[in-house]
Amino acid sequence: MAPHTILLIEDDEKECSLFADYIGSMEDFVLVGVADGQASGLTLLVEQHPEIVLLDLRLRQGDGTGFLAALKQLRLPFKPLVIVASGLLTSRTEQAVLRLGADYCIGKDNRDWSPRGVIGILRNFLPLVPSGAQLRANEGAISPDLQEAELRRLISLTLARVGISTGDKANRVLVEMILPVREALKKGAPPPDLKNTVYPLAAKQLGKSPATMERSIRAALKSAWKTIPPDDLRQYYDFPLGTLEDYPSPRDFIFNFTSANFCGCAVASRAPQDKKD
């Protein structure tokens, strides 16, 4: 029998290591991904379609409630079992996350909060977990085209969180540019040349000139840095914010925003800073 697949979404590196080591010693469970933020967790969910998600409410980027709300918006042909953990789990919080679609909540001050305790809880839920065979049967529905469509949707929704709304033409432009950058970063390849590679590809896809696309991105970034509270920006762009006159260049924003939100890394990498040109 194939092991049950788990996605861990947690921003505490020590806890990630403990869970990874313990799950790695099991024969009937396997860890298929670790993320420390809302968007990177959703990205791994789309790619790996795990049977079980272990979700912390407090994350480096976004939060667990945002993850649950976004999960409802994705058009996936399966629903994983979601176990939510919180260091400050009140009855009100528990009711809220259960309404959002979580299956079970556990406080981190609970004596069962440990890799061994959580796996013990999971065993009680196994009858409710979609079987590996069922998920593999659904893989025909989780086609590469569907994965890409849901990634596009996820990137667009995350851009809206930093003030670049889904109706803004810059949102669509940035989606087309973030996708190839994400692929390169995930493979550990050198960052693609935006000017000579990414801009022309996006221009062909959208039927716009590179100059027009860059102008729309700059205008959108200037507006976002003017209107979105800094604390909200830092949820998805945890880099030096500068000022309205010193908002990030399109290059810095694309590389930093992509690495922080869509690469499924436990710790987001930092792109080299780039002056606005």
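The values are calculated or read from the model by the stated rules, or taken from the named source; none is laboratory data. Predicted model, so just to flag it, every value in this text is computed and none were measured. Heads up, the Cβs are rebuilt from the backbone with ideal geometry, glycines too, and the neighbour counts pull from every protein chain shown.
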- Message: From the list G33, G37, exactly one residue is in the same structural domain as G120 (by TED's automatic domain parsing), among the small types (G, A, S) and either closer than 23 Å to D231 by Cβ or buried (at least 23 other Cβ atoms within 10 Å of the Cβ) (or both). Which is it?
- Response: G37
- Query: Just one of the numbered conditions (1) crowded, with 17+ Cβ neighbours inside 10 Å; (2) in contact with a strand residue (DSSP E or B) (Cβ under 8 Å, 6 or more places away or on another chain) is not true of L42; which one?
  - Reply: (2)
- How many of the residues in the stretch 216-258 are buried (at least 19 other Cβ atoms within 10 Å of the Cβ), modelled with pLDDT under 80 and polar (S, T, N, Q)? 1
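Is it the case that some residue within the stretch 146-160 is among the acidic types (D, E), at pLDDT below 85 and under 30 Å from P248 (Cα atoms)?
Applying the first criterion (among the acidic types (D, E)) to the stretch 146-160 yields 148, 150.
Subset that is at pLDDT below 85: 148, 150.
Retained after the next criterion (residues that are under 30 Å from P248 (Cα atoms)): 148, 150.
Yes, because at least one residue in the stretch 146-160 is among the acidic types (D, E), at pLDDT below 85 and under 30 Å from P248 (Cα atoms).
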- From the list K72, K108, pick out the single residue that is at pLDDT below 90, closer than 22 Å to T5 by Cβ and basic (K, R). K72
- Message: Looking for something touching a Lys or Arg at 6+ places or on another chain (Cβ under 7 Å) and under 29 Å from D232 (Cα atoms) - is there at least one such residue anywhere in the stretch 11-28?
- Response: yes
